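The values are calculated or read from the model by the stated rules, or taken from the named source; none is laboratory data. Bear in mind that the values here come from a model prediction, so they are computed numbers and not experimental data. Methodologically, a virtual Cβ is constructed for each residue, glycine included, from the backbone with ideal geometry; neighbour enumeration extends over all protein chains shown. Calculation scope for accessible area: heavy atoms of the full protein, side chains included, ligands and nucleic acids excluded. Shrake-Rupley method; radii C 1.70, N 1.55, O 1.52, S 1.80 Å.
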Amino acid sequence: MVFSSIFFLYYFLPIVIILYFIVPFKFKNSILFLSSMFFYFYGEPKYTLLLLLSSFINYSSALAIGKSINIKVKKNYLIIALIINLGILLYYKYSNFFIANINLLFNSNIKFLQIIMPVGISFFTFQAISYLIDVYRGDVEADKNFISFSTYLCLFPQLIAGPIVRYKTIHKELFNRKHSFELFALGVRRFVIGLSKKVLLANILGKFSNDLLNLNEMSSLSYWAIALAFSLQIYFDFSGYSDMAIGLGLIFGFKFLENFNYPFIASSITDFWRRWHISLSTLFRDYLYIPLGGNRVSKLKWIRNIFIVWFLTGFWHGASWNFIIWGLYFAIILFLEKLLLSNFLKKHKIFSHIYTISLVLISFVIFNGNSLKEILFYLKQMFIPSNIKLINKETIYYIKSYGRILLIAIISSTPLAKTYLNKLKNKKNINIMINFLEPLILILALLINTAFLIDDSFNPFLYFRF
């Protein structure tokens, strides 16, 4: 089940909200847990038991870790739990990748396993791992209530595409959270904004990208336009989903941390990764990079740490070499930035922004590639075109056709509109008008989104495959 579906918007969500608010507080977690199980069962019926099994394993493992006084025993429990979690993830997500590479390397003919990756497995596995490590470190106590823990792990707003929520950021809210009309209204507002990002921007940008890919005659400009369209599409797709998750969290009394902070205004790749998929990048930082020693080690070990983190960041995104290359691409750039470019980029703001956007566009060509051959071909046509024109009429036609959406998307990827709106709100009369009009605009936006969803079947969530 996806958030941008008629069934979710007009059947599932209203029923859950009604049930949630009519029951006493002691039953609210149960409602969320059962709703989350149904939410997952609706899309992944045969893997719902796997999700329940994961909940039970991690609930029991955390209790064992928490009760252990002997540090060695505690550590052994953690290692066993990590092996089980990562083993499940590796089996379902990476088995066929390993088989394909073994076949290629040794010219063997091992048959692929007939398995499909469970939706959201990367997200809920990493969420569980962060919880286990926090219990081991003593940052949080192991949750003794299976329903409250399973509500945390399986909570449908962030279950299948994040953000990756750490137990220590919401554990108090699991037992004592506040509900108010103000929080509910903020949640609805955030959800509608996220839905609009997804339906009115990401989906249309996806169509633009597909139209360019199907041109009769490609040009170098068309390859650049595809890179731009896909980069914006995946941003609005994923940040839109995160906005909807954060909005739903507010409706139910949870305050999830932000997952995006206008990454396309970044002035370096280091800055970009402080703003893009924040929950994943901070998780790798806190649970892998810093424990490895971070940058407080010898230069050789520091380089090792960067490459381990970014190899795994790429590998987390998918069982394909293009994702590994994508991760290592960022490792090289981040290493060079920290070693050589940091001061230069700080002094030359305009150049640093052009530099960052260019490298990000190239990164998403790698990210979106089906093979190394295809990636190299795309990059060659962007930088050293052969047998094609730099610009042609067909490319210009589609850029003009989607020009308004592109312009809106580019502006929306910056804080310009938000900054301008906040300035208007400082003026009393205009603020009164905005407060009056905002609910009407949100209702109108919801109706427009609904019309698009009814009229169109093109509605993929790109991050579901990760």
- [ ] Treating cross-link reach as a plain straight distance, find the aspartates and glutamates whose alpha-carbon is under 16 Å from the alpha-carbon of Lys423, omitting any fewer than eight places away in the same chain.
- [x] Glu438
TODO: Would you mind pulling out the separation of the Cα centroids of segment 382-457 and segment 318-370, in Å?
DONE: 26
- [ ] Can you tell me the equivalent ellipsoid semi-axes for segment 1-54? Use √(5λ) from the Cα gyration tensor, largest first, whole Å.
- [x] 20, 17, 6
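Using the structure shown, select from Lys28/Lys255; Lys198/Lys427; Lys46/Lys197; Lys46/Lys93; Lys255/Lys425; Lys172/Lys255 the pairs with a Cα to Cα distance greater than 20 angstrom.
Listed pairs above 20 Å: Lys198/Lys427; Lys46/Lys197; Lys255/Lys425.
Counting only helical runs of four or more DSSP H residues, what would the 222 nm mean residue ellipticity of the chain come to if each run contributes -39,500 (n - 2.57) and the total is spread over all its residues? Intermediate values should be presented prior to the final figure.
Numbers: 22 runs with 315 residues, N = 466.
Computed mean residue ellipticity for the chain: -22000 deg cm²/dmol.
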TODO: Name the aspartates and glutamates eligible as straight-distance cross-link partners of Lys347: C-alpha to C-alpha under 18 Å, and not fewer than 8 places from it in the same chain.
DONE: Asp271, Glu337
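Carbon and sulfur atoms: what percent of the 1.4 Å accessible area of the chain do they account for?
67
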Task: Under the span-like rule (Cα at least 30 Å along the axis, Kyte-Doolittle mean at least 0.5), DSSP H helices of the chain - done: 220-251, 428-455
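Once the convex hull of the C-alpha atoms of segment 166-302 is built, how many Å³ does it hold per residue, rounded to a whole number? If you can, show how the numbers build up before the last one.
On the way: hull volume 20.1 nm³, N = 137.
Cα convex hull per residue, to the nearest whole number: 147 Å³.
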Task: Whichever lysines have a C-alpha closer than 27 Å to that of Lys428, once near sequence neighbours (fewer than 8 apart) are set aside - done: Lys418
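Pick out, in residue order, every one of the trypsin sites (Lys or Arg not before Pro) in segment 250-328 that is DSSP loop and has at most 11 other C-beta atoms within 10 Å; say none if there are none.
Details: sites: Lys255, Arg274, Arg275, Arg285, Arg296, Lys299, Lys301, Arg304; in loops: Lys255, Arg296.
Answer in residue order: Arg296.
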- [ ] Project the alpha carbons of segment 109-165 onto their principal axes and report the range along each, largest first, in whole Å.
- [x] 48, 25, 20
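Over the chain, average the accessible area per residue using a 1.4 Å probe and give it in Å², no decimals. Mind dumping the intermediate values first?
Details: 23200 Å² over 466 residues.
Ligands and nucleic acids excluded, the result is 50 Å² per residue.
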Open item on the list: Counting each pair of different Cα atoms once, what's the Kirkwood radius of segment 6-177 in Å, rounded to one decimal?
Closed with: 17.6
Open item on the list: Kirkwood hydrodynamic radius, the chain, all distinct C-alpha pairs: what's the number in Å?
Closed with: 24.1
